[in-house]
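J.: Take this structure, written in structure tokens, and hold onto it; I'll ask about it next.
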Amino acid sequence: QIQKNFSGFQFLRFSDSFLCAKAHYYHAVGLTERDDVVGACEHYFIALDIMEFETENLRTLKSEKRLKISQFFSFSDSQILNNPQDYEKIRFLSLIYTRLGELFLSENYCDLAITKYRKALKYVNLLGNNDYKSQMFKFLGNSYQHTDKHDSALYYYNESLKYNSGLINRLDVEKCIALILFYEGERDSAYVILKNNLREIDNGTLKYSYYYTLGDIYFYDKKYDSALYYLETSLDNDIVTKKVAFTTKLSAIYDSLGDYDKRDYYDNYSAKMLLNHAN
């Protein structure tokens with residue numbers, strides 16, 4: 001292992017096996033973008049296997065039985081923070097588990113997602129980075145919210161806010177908390193949180209997310225005029241996935257209202273957007 005400094009930049013040379021693990025990781029990322037979930041999982045797990053062997057070599061442990069990754073990391077937080085190579089390996093392991101968690105959650109395998117996020121959190125805790133911790137707690141909150149385990153979700157959302165109370169993270173987390181309150185029957189509180197926070201938002205992506213959430217819960221409350229206002233006024237965004245989500249919800253609203261011409265209009269609008277995006 002060679003460490004060099006040049007013009008203020010730090011360059012690390014890792015073993016070939018670590019670079020190979022990174023290659024499998026990036027290949028998995030590419031497969032995920034092409035919706036090859038099985039292939040992506042395969043390469044993420046190969047990357048984990050390689051890291052297991054990499055750690056065996058670093059620790060000079062000789063055993064016929066393969067040991068789990070967690071058994072190899074017995075050094076202290078200060079050792080990891082002071083050793084750039086160890087820090088990078090821990091960060092990489094947390095990243096692989098995070099990606100697996102995202103992948104499983106997107107496929108609605110929430111229990112598997114929680115398992116992977118918990119493993120990622122274990123490594124993130126070694127890094128001493130509060131932003132990483134906050135993000136991981138938020139991911140766990142999202143996973144528990146998907147399984148309707150609202151008490152656990154609220155616990156992890158509050159943990160996320162404890163480690164990062166910055167505006168963007170707070171607005172994102174409180175939107176999730178508002179949804180939990182809404183479906184737990186505290187609808188007035190949910191509307192107050194969402195509308196108050198909406199006044200603080202300059203970020204376009206987050207603003208559209210709030211618009212969709214408000215449109216969705218107004219639709220659930222059968223307050224169709226309000227739902228239409230938030231959904232229709234946000235169609236000028238350039239994010240295809242969000243526009244499709246908005247138009248799909250608008251189609252459902254007009255179907256409930258019995259306005260089938262507008263329902264068909266938004267169905268066709270969605271289809272054209274998806275076709276153009278695919279092309």
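Coordinate-derived values only; no laboratory data. No experiment lies behind these values; they were computed from the predicted model shown. Positions of Cβ are backbone-derived with ideal geometry, glycine not excepted, and every protein chain shown enters the neighbour counts.
J.: So for each of 123-129, 165-171, 230-236 I average, over its residues, the number of other beta carbons within 10 Å; can you give me the resulting order with the highest mean first? Don't jump to the answer; show the numbers that get you there.
T.: Working: 123-129: 18.7, 165-171: 14.1, 230-236: 16.7.
Sorting 123-129, 165-171, 230-236 by mean packing, highest first, produces 123-129, 230-236, 165-171.
J.: Tell me whether segment 225-272 comes out rounded, prolate or oblate; compute the Cα gyration tensor, take square roots of the eigenvalues as a ≥ b ≥ c, and use a/c under 1.5 as the rounded threshold.
T.: Oblate shape, in that a/c is at least 1.5 and b/c is the bigger or equal ratio.
J.: Now for a different question. Please list, in order along segment 194-209, the HN-Hα scalar couplings obtained from phi with the Karplus expression 6.51 cos²θ - 1.76 cosθ + 1.60 (θ = phi - 60°), rounded to whole Hz, x for Gly and Pro.
T.: 5, 6, 5, 5, 4, 5, 8, 8, 10, 5, x, 4, 5, 4, 5, 5
J.: If each residue of separation counts as 0.36 nm, what is the full-extension length gain between T147 and A252 once their alpha-carbon separation is subtracted?
T.: That pair, T147 and A252, stretches by 35.4 nm at full extension.
J.: May I ask you to evaluate 6.51 cos²θ - 1.76 cosθ + 1.60, the Karplus curve with θ = phi - 60°, for each residue of segment 112-118 and list the ³J(HN,Hα) values in order in whole Hz, giving x for glycine and proline?
T.: So the Karplus estimates, Gly and Pro as x, are 5, 4, 4, 4, 5, 5, 5 Hz.
J.: For segment 105-154, which trypsin sites (Lys or Arg not before Pro) are in a loop by DSSP, counting at most 13 other Cβ atoms within 10 Å?
T.: The qualifying sites: there are none.
J.: At 0.36 nm per residue, minus the direct Cα-Cα distance, what do K262 and D35 gain on full extension? Give it in nm, one decimal, please. Spell out each step's value before the answer.
T.: Working: separation 227, 0.36 × 227 = 81.72 nm, distance 3.15 nm.
Roughly 78.6 nm would be gained on extension.
J.: Right, something else. Over 19 Å between Cα atoms: which of K149/K242; K138/K175; K175/K242; K89/K133 fall into that group?
T.: Correct reply: K149/K242.
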